[in-house]
């Protein structure tokens, strides 16, 4: 369960870094980030976990990326990542 969740999250959050340029003007990317979050919130296995959500550093970093990606989407930015 944790490996699947981590793999999905890293694939999606890391997607802009695996391409020479990334078009944040495509609203589909941000929608997929939000959809993943919604799916994780509805996952019964994750709901039943009594363990902490993870490292405070990881939570901060994840929220920072989502906030930055939201701003870049609003701007319709095309970013060179290479």
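Values quoted throughout were computed directly from the atomic coordinates according to the rules given, and no laboratory measurement underlies them. Keep in mind the model is a prediction, meaning the values are calculated, not measured.
Figures for the structure shown
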quantity: Segment residue 78-residue 10, length gained on full extension (0.36 nm per residue, minus Cα span); calculated: 22.4 nm
quantity: Gain in span if fully extended, residue 61 to residue 3, counting 0.36 nm per residue against the direct Cα distance; calculated: 19.0 nm
quantity: Residue-span extension gain [residue 34 to residue 68] - 0.36 nm each, minus C-alpha spacing; calculated: 10.9 nm
